[in-house]
Structure formats: C-alpha cells, structure tokens
1. Can you report the number of residues in segment 232-247 which are touching a Phe, Trp or Tyr at 6+ places or on another chain (Cβ under 7 Å) and surrounded by 20 or more Cβ atoms within 10 Å (Cβ to Cβ)?
2. Between residues in segment 1-22 that are in contact (Cβ under 8 Å) with a residue 60 or more places away in the chain and residues that are buried (at least 19 other Cβ atoms within 10 Å of the Cβ) and aromatic (Phe, Trp, Tyr), which pairs lie under 8 Å by C-beta distance while being six or more apart or on different chains?
3. Within the group 145, 141, 149, which residue is over 26 Å from residue 212 (Cα atoms), free of Cβ contacts under 8 Å to residues at least 24 places away in the same chain and away from the ligand (no atom under 16 Å from the Cβ)?
4. Would you mind telling me which numbered condition in (1) within 26 Å of residue 203 (Cα to Cα); (2) in contact with an Asp or Glu (Cβ under 9 Å, 6 or more places away or on another chain); (3) not in a loop (DSSP other than H, G, I, E, B) residue 69 fails?
5. Looking at (1) outside any helix (DSSP H, G or I); (2) within 15 Å of the chain's Cα centre (by Cα), can you tell me which one residue 99 breaks?
6. Being within 14 Å of the ligand (Cβ to nearest atom), assigned to a loop (DSSP other than H, G, I, E, B) and modelled with pLDDT of 95 or more narrows it down to one of 211, 162, so name that one.
7. Select from segment 126-138 the residues that are more than 13 Å from the ligand (Cβ to nearest atom) and not in a helix (DSSP H, G or I) and write down the one among them that is surrounded by the fewest Cβ atoms within 10 Å (Cβ to Cβ).
Amino acid sequence: MTAPRPLIAGNWKMNGLAASLAEAKAVAAGLGATPARVAICPPATLIHRMSEALAGTAVLVGGQDGHAEPDGAFTGDVAAEQLADAGAVLVIVGHSERRAGYRETDALVAAKTRAALRAGLEPIVCVGETLAQRKAGEALGVVTGQVRGSLPAELAGQAFSVAYEPVWAIGTGLTPTTPEIEEVHRAIRATLVALFGDAGRAVPILYGGSVKPANAAEILHAAEVGGALVGGASLKAADFLGIIRAV
Ligand code: PGA
C-alpha cells in the first residue's frame with residue numbers, strides 16, 4: 001500500500017480578519033513543489049473569502065468544527081453543509097478546545113464526523129490526553145479510547161486523518177519527545193487497523209501541539225507521523241512555509 005501524502009493543516013482558531021487573507025495567499029505563492037497536501041482552516045467568517053482567494057492554488061481550505069445536524073435552530077453554530085457551501089473541503093472535529101470548552105464527548109465527535117462525510121468534507125479527527133492523564137500513565141488508554149469512540153464505522157473507505165494533539169502541548173511551547181510521539185502514533189495505528197483493517201494503515205496520523213519550523217523536521221520524520229496540525233505557527237506564512245518545507 002503506498003503511503004498517503006503527508007497533510008500539513010493550519011488551524012487559525014479564533015484569529016484572522018480580512019487582512020489576514022494576505023498570509024494565506026503568501027503560503028500559496030511560496031509553496032513550490034512539495035510532497036505535502038496543505039490546508040488552512042480559518043475561522044468560519046473567512047472560509048468563503050479564503051476559498052476564493054486560494055482558488056486555483058494547491059492550498060485547501062477547511063473548517064474548524066461543524067455541527068452534527070445539517071440545519072435547524074442552533075443559534076451561532078455552523079453546519080458541515082454550510083462549510084462545504086462556503087468552499088471548505090476539510091473540517092477539524094473533536095479539537096481539545098471543543099472537547100474541553102464545549103464538553104464535546106466522543107459520541108458527539110463521531111456524530112460530527114458523520115456529518116462531515118454527509119457534507120462531502122474530509123474530517124481531521126483530533127484526540128489527545130491531558131497532562132494529568134499522561135502523568136497518571138493513562139495517555140495510551142485515553143487516546144486509543146478516543147479513537148475508538150470518535151471514529152464512526154462510516155469512515156471505512158473514506159478519506160480522513162487523525163490528529164494526535166496532547167492537550168498539554170497545545171500553545172505551550174512544550175512537545176513530547178520523539179519516542180513519546182511515536183509510542184502514541186503506533187498505538188493509534190494499531191487501533192486504526194483494528195477498526196478498519198488494512199485500510200487503517202493508509203490513514204495519515206498528524207501530530208499537533210507547538211509544531212514550529214525549528215522542531216518540524218524531527219517531528220515529521222518520526223515513525224507513523226503523517227503530517228501536522230499547526231496552530232500558532234500557521235498564522236504567519238513564513239513560519240507555516242518553514243514547517244511545510246520540513247516534510
Ligand atoms: P499550537 O496549536 O500549534 O498553537 O500548539 C495546535 C492546535 O491546537 O491544533
């Protein structure tokens with residue numbers, strides 16, 4: 001089975017105004033020949049404008065979250081269908097900031113993943129342990145439990161990726177050691193194969209949490225690492241391009 005192309009996805013979180021579209025355009029302009037697939041997930045307010053600004057380039061646009069229902073009385077929420085309608089082709093689901101801040105359970109993340117597929121979006125499903133869970137020796141159990149609970153059977157045969165993002169590494173400048181990343185990624189791979197058979201071997205497993213140009217090469221070349229989900233360092237084109245060039 002040929003290895004899938006690495007995916008480098010930027011998660012802008014609640015950052016970015018119209019002026020920030022220039023950074024996205026600079027990423028597209030500076031991309032050059034890369035083996036990676038590259039995506040930017042801006043806030044929902046920018047998806048349409050960014051997809052127009054990046055039309056004809058290799059940079060994909062994604063959402064950061066999508067509601068499980070296709071429409072209805074859900075004030076302030078955005079449906080997966082609406083993300084797709086605005087030009088998104090991917091969507092992040094189950095980010096720890098949603099799991100912690102909005103009490104999203106594995107079951108809800110699975111429902112949102114199903115919704116992404118229904119809307120024709122490629123899901124990036126996030127998992128990751130807290131510092132307390134890691135210190136208690138529970139990291140592998142927590143992460144593989146999240147993978148089992150958050151990945152619906154409907155993903156069989158579909159394009160998707162899993163992002164391992166230790167909660168304690170997000171936005172902190174801290175990263176696990178390479179052996180720690182590989183240990184978790186191998187456990188995720190084994191779970192993917194248990195769930196999806198041989199097809200589970202081709203699912204990119206991204207690492208996320210304080211990825212920056214200086215550590216990207218080591219992380220991206222670690223065993224079972226199939227790309228990166230990048231927060232802070234995706235906001236500036238020069239930093240994001242530095243990570244992409246490390247693939
Ligand atoms: P960070 O965020 O790169 O700023 O640590 C990663 C993420 O939350 O996806």
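1. Taking segment 232-247 first, the residues touching a Phe, Trp or Tyr at 6+ places or on another chain (Cβ under 7 Å) are 233-235.
Among the residues that remain, those that are also surrounded by 20 or more Cβ atoms within 10 Å (Cβ to Cβ) are: 233-234.
Count: 2.
2. 8/240; 10/240; 20/12
3. On the way: 145 fails: free of Cβ contacts under 8 Å to residues at least 24 places away in the same chain; 149 fails: free of Cβ contacts under 8 Å to residues at least 24 places away in the same chain.
Going through 145, 141, 149 in turn, the sole match is 141.
4. Exception for residue 69: condition (3).
5. Checking residue 99 against (1) outside any helix (DSSP H, G or I); (2) within 15 Å of the chain's Cα centre (by Cα), the one that fails is (1).
6. Numbers: 162 fails: assigned to a loop (DSSP other than H, G, I, E, B).
When all the criteria are applied, what remains is 211.
7. Step one: filter segment 126-138 for residues more than 13 Å from the ligand (Cβ to nearest atom), giving 129-138.
Restricting the remaining residues to those that are not in a helix (DSSP H, G or I) gives 129-130, 136-138.
Values: 129: 24, 130: 16, 136: 12, 137: 8, 138: 14.
So the residue we want is 137.
Let's see how each residue does on (1) free of Cβ contacts under 8 Å to residues at least 40 places away in the same chain; (2) within 24 Å of residue 99 (Cα to Cα); (3) more than 16 Å from the ligand (Cβ to nearest atom):
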{"residue": "174", "(1), (2), (3)": "yes, yes, no"}
{"residue": "182", "(1), (2), (3)": "no, yes, yes"}
{"residue": "196", "(1), (2), (3)": "no, no, yes"}
{"residue": "201", "(1), (2), (3)": "no, no, yes"}
{"residue": "205", "(1), (2), (3)": "no, yes, no"}
{"residue": "227", "(1), (2), (3)": "no, yes, no"}
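The values are calculated or read from the model by the stated rules, or taken from the named source; none is laboratory data. Only a predicted model underlies this, so the values are computations on that prediction, with no experimental measurement involved. Here the Cβ is made from the backbone with ideal geometry for all residues, glycine too, and neighbour counts use every protein chain on show.
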